[in-house]
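Trainee: To start, I am sharing the structure in question, which I have written as structure tokens.
The values are calculated or read from the model by the stated rules, or taken from the named source; none is laboratory data. Keep in mind it's a predicted model, so treat the numbers as computed, not measured. Because the Cβ atoms are built from the backbone with ideal geometry, glycine has one as well, and the counts that use them run over all protein chains shown.
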Amino acid sequence: MRDRTVLLGVTGSIAAYKAVDLASKLTQAGVKVDVVMTECSMEFVTPLSFTSITHRPTVTDMFDTPDEWEIEHIALAERADVVVIAPATANIIAKLATGIADDMLTCSVLATRAPIILAPAMNVNMWENSITQENMAKLRARGFKVVEPGTGSLACGAQGKGRLADIEDILTTISQALRVKADLAGRRVVVSAGGTQEPIDPVRYVGNRSSGKMGFAMAEAARDRGAEVTLITGPTALEDPIGVEVVRVQTALQMRDAIKKAASKAEVLIMAAAPADFRPATVARSKIKKESTPEMSLKLVPNPDIISEVKGQIVKVGFAAESEDLVKNATAKLKRKSLHLIVANNITEAHSGFGTDTNKVTLIDSQGQIEALPLLPKSEVAHKVLNKVVNLLNASRKISGKPRRRK
């Protein structure tokens with residue numbers, strides 16, 4: 001999203017204070033944020049709050065004279081890559097549905113050709129009112145994207161649907177609207193994530209330290225580039241990404257079955273998960289008591305090599321978490337599993353590997369090309385990997401003369 005421009009409209013809701021957080025996160029991501037506030041919104045939060053965060057003027061008055069002469073609402077509308085109204089009140093929704101343009105925000109919306117995202121926030125009765133729902137239907141039909149309000153305790157004390165969506169959900173929708181590339185549009189991509197838990201008894205299990213963050217970043221990046229994504233994940237503390245089909249499993253055998261089913265209709269499999277290599281040969285039906293079992297030994301049997309069991313014309317990307325001889329071990333794994341690409345990282349390096357938000361990886365393809373990347377956020381690593389995947393898909397298309405689409 002770096003160097004893109006978001007026009008953020010803020011309207012008169014108690015949730016307006018959350019828009020400051022949204023503006024902050026967008027600015028931190030390198031986005032240029034132009035904030036337009038309605039008169040009522042300034043009863044809840046000040047323009048200075050946004051100016052301090054975005055380091056850009058906050059527009060509040062239809063008739064303010066800018067430093068350089070320009071028709072302000074036209075200038076705002078034309079430089080916006082996306083327009084976001086968060087929070088969007090019932091009043092602004094009604095105005096937009098009927099084409100009213102009586103302030104800077106509504107004029108800018110009418111003048112823009114950019115995608116428009118609404119994040120409604122209001123009392124549950126106002127949200128459920130048939131007039132509001134008719135207005136929302138009109139706006140959806142005109143191409144407005146809507147981040148549905150959440151359900152819970154509202155500022156008025158009522159319970160129900162109407163609270164502003166989570167900021168992360170709004171950011172995800174903005175990211176999708178701002179995607180520079182749609183080079184995976186129409187492609188089906190399967191991504192695995194997280195570790196697995198191989199039960200010893202109903203309480204204990206054999207597992208590893210995988211957080212799932214890299215796999216989730218891969219799924220979100222593929223989604224943002226237009227792919228239809230199925231994310232198959234072991235137990236994690238991460239929330240399901242918006243716009244991604246999520247299948248949650250516990251064991252390696254369950255993961256294998258889910259991946260083979262999803263991959264049968266996919267063109268790309270990205271195996272970012274770290275399923276346990278072994279599982280207990282037998283599982284106790286009840287909890288093993290420490291008092292009655294002073295010593296315990298486990299007989300472990302190997303789990304299947306999931307990615308090797310996936311057959312057919314599909315681009316396969318594996319991951320290798322190594323602690324030594326990174327390139328040598330990763331290359332051997334790539335050949336052994338017949339992969340097109342492997343993403344290798346040294347888990348002993350600082351800020352790289354399990355549980356971190358960054359990763360330092362080396363990309364190795366089946367032709368022996370090696371590309372060592374610097375330490376990057378996992379979201380950026382994901383796009384670097386997908387650049388390679390797109391090249392592989394395009395090369396396959398040139399050879400076959402037609403898109404490789406899984407039926």
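Trainee: Quick check on my filter: what residues within the stretch 178-207 are farther than 25 Å from K388 by Cβ and not in a strand (DSSP E or B)?
Mentor: Keep residues of the stretch 178-207 that are farther than 25 Å from K388 by Cβ, which gives 196-207.
If the condition is that a residue be farther than 25 Å from K388 by Cβ and not in a strand (DSSP E or B), then T196, Q197, I200, D201, P202, V203, R204, G207 are the ones that fit.
Trainee: Within the stretch 263-272, does at least one residue satisfy the condition of being outside the structural domain of A165 (by TED's automatic domain parsing), buried (at least 20 other Cβ atoms within 10 Å of the Cβ) and without any contact (Cβ under 8 Å) to a residue 60 or more places away in the chain? Reasoning before the result, please.
Mentor: Applying the first criterion (outside the structural domain of A165 (by TED's automatic domain parsing)) to the stretch 263-272 yields 263-272.
Still in the list and also buried (at least 20 other Cβ atoms within 10 Å of the Cβ): 263, 266-272.
From what is left, the residues that are without any contact (Cβ under 8 Å) to a residue 60 or more places away in the chain are none.
Taking every residue of the stretch 263-272 in turn, none turns out to be outside the structural domain of A165 (by TED's automatic domain parsing), buried (at least 20 other Cβ atoms within 10 Å of the Cβ) and without any contact (Cβ under 8 Å) to a residue 60 or more places away in the chain.
Trainee: Moving on to the next point. Here is a list: G162, G215, G150. Which entry is out of contact with any Asp or Glu (no Cβ under 6 Å at 6 or more places or on another chain), over 24 Å from V381 (Cβ atoms) and buried (at least 19 other Cβ atoms within 10 Å of the Cβ)? Steps first, answer last, please.
Mentor: On the way: G215 fails: over 24 Å from V381 (Cβ atoms); G150 fails: buried (at least 19 other Cβ atoms within 10 Å of the Cβ).
Sole residue among the options that is out of contact with any Asp or Glu (no Cβ under 6 Å at 6 or more places or on another chain), over 24 Å from V381 (Cβ atoms) and buried (at least 19 other Cβ atoms within 10 Å of the Cβ): G162.
Trainee: Taking the stretch 134-163, which residues are modelled with pLDDT of 95 or more and of a type in the set (S, T, N, Q)?
Mentor: The one that is modelled with pLDDT of 95 or more and of a type in the set (S, T, N, Q): N135.
Trainee: Any idea which of (1) part of a helix (DSSP H, G or I); (2) crowded, with 17+ Cβ neighbours inside 10 Å; (3) touching a Ser or Thr at 6+ places or on another chain (Cβ under 9 Å) is the one V36 doesn't satisfy?
Mentor: Evaluating V36 over (1) part of a helix (DSSP H, G or I); (2) crowded, with 17+ Cβ neighbours inside 10 Å; (3) touching a Ser or Thr at 6+ places or on another chain (Cβ under 9 Å) leaves (1) as the failure.
Trainee: Moving to a separate point now. What helices (runs of 4 or more DSSP H) lie completely within the stretch 292-407 and have 2 or more residues being of a type in the set (D, E, K, R) and farther than 22 Å from R187 by Cα? Before the answer, list the steps.
Mentor: Working: elements: 306-309, 326-336, 378-400.
Qualifying helices (runs of 4 or more DSSP H): 326-336.
Trainee: I've got another one for you. I'd like to check something: does the stretch 314-330 contain any residue that is touching a Pro at 6+ places or on another chain (Cβ under 9 Å), small (G, A, S) and modelled with pLDDT under 95? Write out each step before concluding.
Mentor: Taking the stretch 314-330 as the starting set, the residues that turn out to be touching a Pro at 6+ places or on another chain (Cβ under 9 Å) are none.
Looking through the stretch 314-330, none of the residues is touching a Pro at 6+ places or on another chain (Cβ under 9 Å), small (G, A, S) and modelled with pLDDT under 95.
Trainee: Does any residue of the stretch 218-228 turn out to be closer than 14 Å to V190 by Cα, buried (at least 17 other Cβ atoms within 10 Å of the Cβ), in contact (Cβ under 8 Å) with a residue 60 or more places away in the chain and touching a strand residue (DSSP E or B) at 6+ places or on another chain (Cβ under 6 Å)?
Mentor: The answer is yes, given that some residue of the stretch 218-228 is closer than 14 Å to V190 by Cα, buried (at least 17 other Cβ atoms within 10 Å of the Cβ), in contact (Cβ under 8 Å) with a residue 60 or more places away in the chain and touching a strand residue (DSSP E or B) at 6+ places or on another chain (Cβ under 6 Å).
Trainee: I'm checking my understanding of the structure. Among residues of the stretch 342-377 that are among the aliphatic types (A, V, I, L, M) and crowded, with 21+ Cβ neighbours inside 10 Å, which one is nearest to V317 (Cα to Cα)?
Mentor: I342
Trainee: Being β-branched (V, I, T) and either without any contact (Cβ under 8 Å) to a residue 12 or more places away in the chain or touching an Asp or Glu at 6+ places or on another chain (Cβ under 8 Å) (or both) is the filter here; which residues of the stretch 365-390 pass it? Before the answer, list the steps.
Mentor: Applying the first criterion (β-branched (V, I, T)) to the stretch 365-390 yields 370, 381, 385, 389-390.
The answer is V390, and nothing else.
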